[in-house]
Amino acid sequence: MQPKFKEIDGFIVRGMRIETTTKNSRNKTDCPKVWKKFLKSDAAKNADEFFGVCVEKNNHEFTYIAGIRNDKQADELEEVKIPESRYAVFVHDKGLNKISETWDYAYSKWLFNSGFEHNKKGISFERYETSEDGDIKKIEIYVPVR
């Protein structure tokens with residue numbers, strides 16, 4: 001699985017957050033919980049593009065925000081700015097319940113053998129594109145590189 005590369009201008013994602021960790025795979029239960037809550041919110045209505053943003057704290061702990069691209073202030077939502085960067089973009093096509101396999105591949109295999117470095121000034125994120133009936137039709141994982 002080889003990524004494509006995109007230069008991304010900065011943008012803002014607003015959504016709901018959860019503090020989680022990869023220890024004991026806790027993130028695999030925490031992230032779906034925040035998605036379930038966010039998708040019931042008014043902010044998620046009529047959206048056809050969603051983002052899962054991973055803001056690293058240390059090697060295992062991170063803040064995860066389930067949200068949408070939105071430049072308008074909303075008191076009930078958390079805000080994170082996706083910085084301008086070059087990103088390696090991995091298409092995930094194995095179903096939502098196996099998304100960690102693509103994350104593991106991107107960071108544990110591809111990045112170490114690619115000749116690129118993780119751009120610590122960037123933020124990794126998932127981009128979900130949905131159909132008119134709300135089904136996920138495309139999942140991409142963005143890894144900031146330099």
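Taken together, the values in this text are just the output of simple stated rules run on the coordinates, not laboratory data. These numbers come from a predicted model, not from an experiment. Note that each Cβ is placed from the backbone with ideal geometry, even for glycine, and that neighbours are counted across all protein chains shown.
Estimated from helices alone, the mean residue ellipticity of the chain at 222 nm is -3500 deg cm²/dmol (sum of -39500 (n - 2.57) over DSSP H runs with n ≥ 4, per residue). Residues within the reach of a label modelled at E101 (point 7 angstrom out along Cα to beta-carbon, backbone nitrogen below 19 Å), restricted to segment 32-67, are 32. The angle between the Cα long axis of helix 27-39 and the longest principal axis of the Cα atoms of the chain comes to about 30 degrees, rounded to the nearest 10. Annotation: lysines with alpha-carbon distance below 24 angstrom to K28 (same-chain offsets under eight excluded): K36, K37, K40, K57, K81, K94, K98, K109, K120, K137, K138. Segment 71-94 and segment 32-49 have Cα centres spaced 14 Å apart. Taking 0.36 nm per residue of separation and subtracting the Cα-Cα distance, full extension of the segment from K45 to E7 would add 10.8 nm. When every Cα-Cα distance of the chain is counted in 10 angstrom steps from zero, the calculated P(r) takes the values 11, 43, 38, 8, 0 percent.
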